[in-house]
Amino acid sequence: MGDIEDVIAEFIVQTAVYWAPGAEDGYGSKVWGTPVEVDCRWDETTELVKNNNGEEVIAKASVLVNDDLKEGGYLLLGSLDDLDSAEEADPMTVEGAWEIISWKKIPMVFATDDFVRTAYLGNKRI
């Protein structure tokens, strides 16, 4: 880890569950991968951000992490212990799970391996 990532690690004291974007199953639904826990700093805030397609979207939370995540995945503030097996299989059934609608990984000045990573959440919350 680089210097800024070490500093960020001091601030990310919460846990979230992350589901990578699901793959189409051929029947109109998605098959989600196995969820994993990630360390984070979850800020409930409303921000206007651009998604990876350049469209402006309203984010309901921004989440600072030390792992690369993907737009279209889902995050839940909590741990895997909070979920039953059906919820682990489909984040869209989980109360409080949000879609990652924008993802930013920004390198620090004069660094090639030191990043600030932020997921912006919105679209769906049960």
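The table for this structure:
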item	result
Single residue of the range 91-115 satisfying the filter (more than 19 Å from G72 (Cα to Cα) and in contact (Cβ under 8 Å) with a residue 40 or more places away in the chain) that is surrounded by the fewest Cβ atoms within 10 Å (Cβ to Cβ)	D113
Lone qualifier among G78, G122 - being surrounded by 12 or more Cβ atoms within 10 Å (Cβ to Cβ), at pLDDT 95 or above and among the small types (G, A, S)	G78
Subset of the range 11-67 (residues that are in contact with a Cys (Cβ under 6 Å, 6 or more places away or on another chain), of a type in the set (V, I, T) and under 19 Å from G96 (Cα atoms))	V63, V65
Subset tally (residues that are in a strand (DSSP E or B) and under 15 Å from the mean Cα position of the chain (by Cα)) for the range 14-41	12
Tally, over the range 42-90, of residues that are part of a strand (DSSP E or B), under 26 Å from E24 (Cα atoms) and over 13 Å from the mean Cα position of the chain (by Cα)	4
Per-region count, the range 10-46, residues of a type in the set (S, T, Y) and in contact (Cβ under 8 Å) with a residue 60 or more places away in the chain	1
Of all residues in the range 15-29 being surrounded by fewer than 15 Cβ atoms within 10 Å (Cβ to Cβ) and closer than 19 Å to V94 by Cβ, the one that is modelled with the highest pLDDT	A23
Residues being in a loop (DSSP other than H, G, I, E, B) and farther than 18 Å from A20 by Cα - total across the range 91-111	4
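The values are calculated or read from the model by the stated rules, or taken from the named source; none is laboratory data. Computed from a predicted model, the values in this text were never measured in an experiment. Every residue, glycine as well, gets a Cβ built from its backbone with ideal geometry; the counts of neighbours run over all protein chains shown.
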